[in-house]
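First the structure, in the form of structure tokens, and then the observations on it.
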Amino acid sequence: MKSSPEDKLNQIKEYFKFLNEIGVDFLDSCCEVGPRSWFLPQIEKAILNCQRCSLAQKRLKAVPGEGNWQAKLMFVGEAPGEEEDKQGRPFVGRAGQLLTKIIEAMNFKREEVFITNVVKCRPPENRLPRQEEIVKCSPYLEAQIRLINPKVIVALGKVAADFFIPGNLGMGQLRGNFFYYRGIPIMPTYHPAFVLRNEGRKEIKQQVWQDMKKVMALLSRQ
Ligand code: URA
């Protein structure tokens with residue numbers, strides 16, 4: 001259904017209010033409403049300076065995410081690990097190398113998709129992010145999704161799946177099915193780190209690939 005001009009105006013107003021709330025000072029870089037690409041660096045800047053939760057005190061570098069702001073496909077993981085914290089880039093450790101292979105097997109280059117995490121700073125000792133940290137960080141991911149407006153999002157692992165699909169279903173039940181978040185199809189699948197921890201279990205790798213084939217099929221229909 002096409003939205004009316006009033007609806008569109010209200011969406012824009014709501015969006016600007018939202019950017020303002022998370023500290024994105026868009027007037028810094030433009031004096032009138034500019035293209036969407038102007039806002040991604042602003043969101044990135046807000047993340048790099050973020051002090052909204054205690055993870056900020058222990059991080060080496062915040063990890064906003066990277067890739068194409070016009071990406072059709074977005075990957076969302078849990079939180080940066082040790083290597084990501086050092087480099088300020090998402091998925092660059094062992095799990096990241098596997099993710100890169102998966103992306104390439106899907107016929108994409110890493111720089112053609114957008115890769116980020118639910119939580120943008122490393123939790124100490126790689127513990128799971130706490131609910132309050134996820135809540136504090138969520139405006140950033142929401143802003144990235146609104147800007148990029150991908151055709152599909154792959155949620156890597158339970159933390160990402162729970163962000164989009166609240167409920168008590170386990171990954172075994174969630175994976176392989178599309179769910180919807182603000183009208184965007186979400187494909188939950190196993191986290192690459194889980195695949196690596198279970199290297200002997202071939203079926204897990206196969207299931208991830210089945211899930212990615214569904215994503216490719218959906219993209220090819222659009
Ligand atoms: N695991 C994640 O969930 N995200 C990263 O960026 C790296 C490892």
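Can you work out the accessible area per residue across segment 1-153, with the rest of the protein chains kept in place, probe 1.4 Å, in square angstrom? Could the numbers behind the result be given before it?
Values: 8380 Å² over 153 residues.
For segment 1-153, the solvent-accessible area averages 55 Å² per residue.
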Residue-wise HN-Hα coupling along segment 54-69, computed from phi with Karplus coefficients 6.51, -1.76, 1.60 (Hz; x: Gly, Pro): 6, 4, 4, 6, 9, 5, 8, 9, 6, 10, x, x, 7, x, 8, 6
Choice from 185, 64, 80 with maximal GNM fluctuation in the chain (Cα, 10 Å cutoff): 185
Between segment 38-73 and segment 173-214, the alpha-carbon center distance in angstrom: 25 Å
Under 22 Å from the Cα of residue 151 - lysines, other chains or at least 8 residues apart: 2, 8, 72, 101, 109, 213, 214
Spherically averaged projected area of segment 96-167 from its Cα convex hull (nm²): 5.6 nm²
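Share of the chain's accessible area from carbon and sulfur, percent, 1.4 Å?
Numbers: 6030 of 11980 Å².
Carbon-and-sulfur percentage of accessible area, whole number: 50.
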Given charges at Cβ of Lys, Arg, Asp, Glu: the chain dipole, positive-most of 165, 185, 218: 218
Rounded to 10°, Cα long-axis angle of helix 131-148 versus longest principal axis of the chain: 70 degrees
Size descriptor, Kirkwood hydrodynamic radius, that averages inverse alpha-carbon separations across segment 34-86, Å: 12.6 Å
Between helix 5-21 and the chain: long-axis angle, C-alpha atoms, 0 to 90°, nearest 10: 80 degrees
Mean residue ellipticity (222 nm) of the chain, computed from DSSP H runs ≥ 4 via -39,500 (n - 2.57), nearest 500: -14000 deg cm²/dmol
More than 25 Å apart - percent of Cα-Cα pairs taken over the chain: 39 percent
Ranked order, 138, 54 - accessible area, probe 1.4 Å, largest first: 54, 138
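The values are calculated or read from the model by the stated rules, or taken from the named source; none is laboratory data. Keep in mind the model is a prediction, meaning the values are calculated, not measured. All Cβ positions, even for glycine, are placed from backbone atoms using ideal geometry, and neighbour counts span all protein chains on display. The area values use the complete protein model at the heavy-atom level, side chains included, leaving out ligands, DNA and RNA. Shrake-Rupley method; radii C 1.70, N 1.55, O 1.52, S 1.80 Å.
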